[in-house]
Every structure is written in structure tokens, then in C-alpha cells.
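Since every read-out is calculated from the coordinates, none of them should be taken as a lab result. Everything quoted here is computed from the prediction, not taken from an experiment. Glycine also receives a Cβ, built like all others from the backbone with ideal geometry; neighbour counts cover every protein chain displayed.
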Amino acid sequence: MGSRILVVEDNADNRVLIMDVLDSMNYEVIIATDGEEGVKKANAERPDLILMDISLPQMDGLTATRRIKATPELQHIPIIALTAHAMVGDRERALDAGCDDYVSKPIDLRELANKLTRYLQA
């Protein structure tokens with residue numbers, strides 16, 4: 001298996017799609033279904049990269065990202081925001097919260113693959 005990617009996504013259909021894509025690229029996938037679980041799994045699993053939905057139950061993705069980036073042992077992990085929020089300012093809010101990059105939904109699989117390669121080879 002390749003790099004370990006934590007996918008924080010509450011929508012089951014999106015999770016299945018993302019898992020299938022990542023599996024086909026030989027990444028090991030770790031799943032969290034809300035922001036709180038995402039923070040816990042980031043701490044426990046220490047993934048190589050995190051794909052973070054922004055609109056999540058319990059704790060939104062921006063808050064979860066801030067918590068992860070505030071933890072010295074985790075702050076080096078790249079976080080890519082995955083979100084249907086593609087309005088003016090949404091990208092900036094994600095980056096301001098600590099996300100390293102941003103991919104809007106529906107996901108362009110080529111764009112996602114390129115970003116994964118770039119961050120995991122850095």
C-alpha cells in the first residue's frame with residue numbers, strides 16, 4: 001500500500017467515490033464521518049495527508065483543520081479541503097483555517113490526483 005490518507009467526509013456517496021478513487025491509486029484510506037472523529041483519527045493514525053470536507057456534523061471542517069494544525073505533531077500533515085462550497089471567499093476561508101489546498105465538488109479526479117501526488121511527494 002502507498003501513503004495513508006484520512007478522508008473526513010459525512011456523505012456516504014462521496015465517501016464511496018473518494019475511497020474507490022484512492023484505492024485505485026493504491027493509497028491506504030482511513031475514514032472519519034465528522035470533524036470531531038477526524039481530529040481523533042488524525043491524532044491516532046498520523047496519516048500522510050487529510051482530505052477534509054468543510055460542511056460536517058459535530059465540528060465543521062474548518063474547526064477540525066484548525067485543531068489539527070494547532071497540534072505540533074500533526075501540523076506538518078497536508079490538508080486538502082474538499083467542499084461543495086465554491087462561492088467567493090470559500091477558498092480563502094479554507095486556506096486561512098490552515099488547509100494547504102482546496103478542491104471543489106464535484107471533484108475533478110485529475111485535479112485531485114495531481115494535488116495528492118504533489119503533496120505526498122513533497
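Comparing S104, S55, S24 in a Gaussian network model of the chain, where Cα atoms under 10 Å apart are tied by springs, the biggest mean-square fluctuation is seen for S24. Helical runs (DSSP H, four residues minimum) scored at -39500 (n - 2.57) apiece and divided by the length of the chain put the mean residue ellipticity at 222 nm at -12500 deg cm²/dmol.
For the range 42-103, the set of GluC sites (Glu not before Pro) satisfying both a DSSP loop assignment and a count of at most 13 other C-beta atoms within 10 Å is given as E73. The Rg/Rh ratio of the range 4-120, with Rg taken over Cα atoms and Rh as the Kirkwood radius over Cα pairs, comes to 0.91.
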